[in-house]
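The values are calculated or read from the model by the stated rules, or taken from the named source; none is laboratory data. Given the structure is predicted, the values throughout are model-derived calculations rather than measurements. Quick reminder, even Gly has a Cβ in these numbers, built from the backbone with ideal geometry, and neighbours come from all protein chains shown.
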Amino acid sequence: MKRISKLFVNILAVIMLAFGTLSMTACADVVTLEVTLQVYNFGESRFYEEDEVKLTIDMQRHLAPKTVDAITEYATNGYYDNTVFYLMEGYTTQLMIGEIKYENGEFVKNAVKPQIEGEFEYGTTKGSNLVNDEGYIGLWRSWYAQDDGQHKYESSNGMGSGRSNIYIPLDVISEYDGYFCVFGTIDYTIAANDTGVNAVGEILSNNYTTYVVYYTGEYDQEKLDEDYGLTFHCITADEYSELSTEEKDAIFTAEADQYVEYNMHRIRIPNNTTDGKPSAVIKSIKIA
């Protein structure tokens, strides 16, 4: 009897160890980030107020380990602190975050990170098969300019050009499925605070300023950490309209194997209604 009991205990220990290992593995499959936003609102009860709101990002590491590991490293090291949410004109079904920071009253370019191997199911590429839909989150990437001026999602060029810029679908974007690495979910539908303002949803309102992002200089592939030798500019659309012909002629335009991400584009950054600050910036990110 004692021998049977001992055998049972040993079997039970093995089972418990196995379940414990499975649980640890399952936990490692999902990395959860807690994001704190600093939100600037025009309040009805008070002239000006600052609020903090939180959202969570659940990243599926088992589907896109290289992407998730990189984002985790960047986030926990403060890379995304002070970055703003924005819309790129022509891509109004997705929020963008990561490229632009608000520091000392100015919009500046975030540091350039190395390219991450594409982790999505396209052709022989293997990786995440998550879809582009509301509540999901993906790694933005580039593709090369085409002769007809149109972007071609099916092009194999640029498949591994994602770095650190994140996009958040606001609706179904089925044409992205299989061409971008969707690596998790995000709770971006933040509950309204006491002023009735949705922190991130505010970007879809009419209260925004249009900025022109462009680069000047000579493109040099050897200068990765320096934006390939280019100089970043982010000015309002009104300021851009006042540039001289010579200044506009000096703006860099991608050719051949140069990435479209360095071409001129327009973005919309939501305002608060008081002193021109963006309505929301990422204050900090930590592993939950």
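Yes/no per residue for (1) closer than 15 Å to residue 169 by Cβ; (2) within 14 Å of the chain's Cα centre (by Cα):
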site: 71; (1), (2): no, yes
site: 75; (1), (2): no, yes
site: 92; (1), (2): yes, no
site: 95; (1), (2): yes, yes
site: 117; (1), (2): no, no
site: 132; (1), (2): yes, yes
site: 135; (1), (2): yes, yes
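For the range 110-143, the set of residues classified as among the β-branched types (Val, Ile, Thr), part of a loop (DSSP other than H, G, I, E, B) and either within 16 Å of residue 96 (Cβ to Cβ) or at pLDDT 85 or above (or both) consists of 112, 131, listed by residue number. Under 8 Å between Cβ atoms, which residue pairs at least 6 apart in sequence (or on different chains) link something in the range 106-118 that is touching a residue at least 24 places away in the same chain (Cβ under 8 Å) with a partner that is acidic (Asp, Glu) and assigned to a loop (DSSP other than H, G, I, E, B)? Partner pairs satisfying both residue conditions: 109/99; 110/99.
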